[in-house]
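Worksheet: one structure, shown below.
The values are calculated or read from the model by the stated rules, or taken from the named source; none is laboratory data. For clarity, every value in this text was computed on a predicted model and none was experimentally measured. FYI the Cβ positions are ideal-geometry reconstructions off the backbone, even for glycines, and counts take in every protein chain you see. For accessibility, only protein heavy atoms count, side chains too; no ligands or nucleic acids. Shrake-Rupley method; radii C 1.70, N 1.55, O 1.52, S 1.80 Å.
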Amino acid sequence: MLHKFKFIDFKILIPYIILNITGIIMIFSASSYNLDQRGKSSISIASKQSFFLVISILLIILIYRTKLSLYQTAIFHKILIGTSALILISTSVLGLGNTVGGAQRWINIGPITIQPSEFIMVTIILYASYIFSRKQNQINSHFKETVLAPSVIIGILILLVFTQPNVGGATILTLIYLIILMASGIPYPYMVGGFSITLIFSFIMTQLVLFKDGWLIPNRYHHVYDRFSVVKNPFEDQLDNGFQLVNSYFAIFNGGWFGLGLGKSIQKKGFLPVAETDFIFSVTIEELGLILSMIILGILLFLILRIFAIGIKAQSSFNSLVCIGVGSAILIQVFINLGGILSLIPMTGVPFPFMSYGGSNLLTLSVMIGFILNISADEKRRRVYEMALQLV
């Protein structure tokens, strides 16, 4: 048997490395000015992101070296779902999480701050892929176990994420599950049932967001409503709720085709608070210009399409659904982040994949990339084995 290293998919690994290195450079550029003004080391935030990248690469190696059969066992998913629910309940319901910006969704582990809800993406992708791939033949006779129960479990996890509140995260999780549900190949009536269950939870979340003055909406969601209210014209409230969006526009306008030059952003100097997070791509356009920014987007799109291609060609249903879920997760994050900075949709705090500062999101994406690399190697090795059998 050929060594697994020979099956590494460099069409996944190389774009991943390029995007992360570019991200660290832009994080340093976007954060250094404000850090200097506060008397802190200008490389402190970029250094933290570099640390998380090292941990991420180690996680990728670990996941790549494990057998995929481990992630297709009932005991693994019971532990995964139980741990995920316990962490979410502890963070948001029991109030053990730290509150930042009106949201209670962070946990301190020594000097590191982790956002557990990010890792729920991995939970939902793996759990939904496992259920729908393993029990496809039982759907007609066991609807409760194969569609109803998973939809309720995932709906509860999404609702727990929303209560933090994390509207962007809950939206992404809902969309990911619906996409996996559609890709699973289950009969149409059962798909509608799964849709309905998940959409009930989505409807509850929508009511909480939109009805600001209603009895359902607690004070902790008012800032979420305000983000929705400025989408139509952020310039009407440019000194308050529309402040970041207006300055995002200015950053994009300043950049033009070729940019102001690396490190020469104007808007990062106090006009875009924490520009290294949600608005990292605005600063990227301002400094590198639209042409280079489109190349970065092209690399990210290539990565996403490659993940989908692996899923389409996969012979294993589990492998296929995991790829579809991961590709969809990255694509949705790109759409929501870019839609937010362009004010096409409400800004919900969703980071730009691989480039925004944030250890939790990078670790989550890297874990998913680890699974994709493992799946790609598994499918390649399977095809090599089948070709060897044909030659015998």
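Would you confirm whether any residue within segment 367-382 is surrounded by fewer than 21 Cβ atoms within 10 Å (Cβ to Cβ), among the aromatic types (Phe, Trp, Tyr), out of contact with any Gly (no Cβ under 9 Å at 6 or more places or on another chain) and farther than 18 Å from LEU181 by Cα?
No, segment 367-382 contains no residue that is surrounded by fewer than 21 Cβ atoms within 10 Å (Cβ to Cβ), among the aromatic types (Phe, Trp, Tyr), out of contact with any Gly (no Cβ under 9 Å at 6 or more places or on another chain) and farther than 18 Å from LEU181 by Cα.
Name the pairs whose Cβ atoms lie under 6 Å apart, with the first residue in segment 257-273 and under 11 Å from TYR33 (Cα atoms), the second assigned to a loop (DSSP other than H, G, I, E, B) and aliphatic (A, V, I, L, M), and 6 or more positions between them or separate chains?
LYS268/ALA275
From the list SER316, SER320, SER328, SER366, which one is small (Gly, Ala, Ser) and within 19 Å of ILE27 (Cβ to Cβ)?
The unique qualifying residue is SER366.
Are there any pairs, at least 6 apart or on different chains, whose C-beta atoms fall under 7 Å, with the first in segment 6-31 and within 15 Å of GLY358 (Cα to Cα) and in contact (Cβ under 8 Å) with a residue 60 or more places away in the chain and the second part of a loop (DSSP other than H, G, I, E, B) and among the acidic types (Asp, Glu), and if so, which?
What qualifies is ILE27/GLU276; ALA30/GLU276; SER31/GLU276.
Do you know which residues across segment 240-280 are of a type in the set (Phe, Trp, Tyr) and outside any loop (DSSP other than H, G, I, E, B)?
Listed by number, the residues that qualify are PHE243, TYR249, PHE250, PHE253.
Any residue in segment 313-331 that's closer than 12 Å to PHE371 by Cβ and touching a residue at least 24 places away in the same chain (Cβ under 8 Å): show its pairings with residues that are acidic (Asp, Glu) and open to solvent by 20 Å² or more (accessible area, probe 1.4 Å) at Cβ separation under 8 Å, as long as the two are six or more apart or on different chains.
Partner pairs satisfying both residue conditions: ASN319/ASP378.
Quick check: anything in segment 337-347 buried (at least 23 other Cβ atoms within 10 Å of the Cβ) and within 14 Å of the chain's Cα centre (by Cα)?
Yes, the conditions are met somewhere in segment 337-347.
So PHE271 fits all but one of (1) within 30 Å of SER69 (Cα to Cα); (2) of a type outside the set (Gly, Ala, Ser); (3) touching a helix residue (DSSP H, G or I) at 6+ places or on another chain (Cβ under 6 Å); what number is the exception?
All conditions pass for PHE271, except number (1).
One residue is enough: does segment 306-317 have a residue meeting the conditions touching a strand residue (DSSP E or B) at 6+ places or on another chain (Cβ under 8 Å) and in a helix (DSSP H, G or I)?
no
In segment 1-46, which residues are under 19 Å from VAL334 (Cβ atoms) and either polar (S, T, N, Q) or exposed (fewer than 13 other Cβ atoms within 10 Å of the Cβ) (or both)?
Result: ASN20, THR22.
Can you give me the number of residues within segment 244-261 that are of a type outside the set (Phe, Trp, Tyr) and under 12 Å from PHE281 (Cα atoms)?
Qualifying residue count, segment 244-261: 4.
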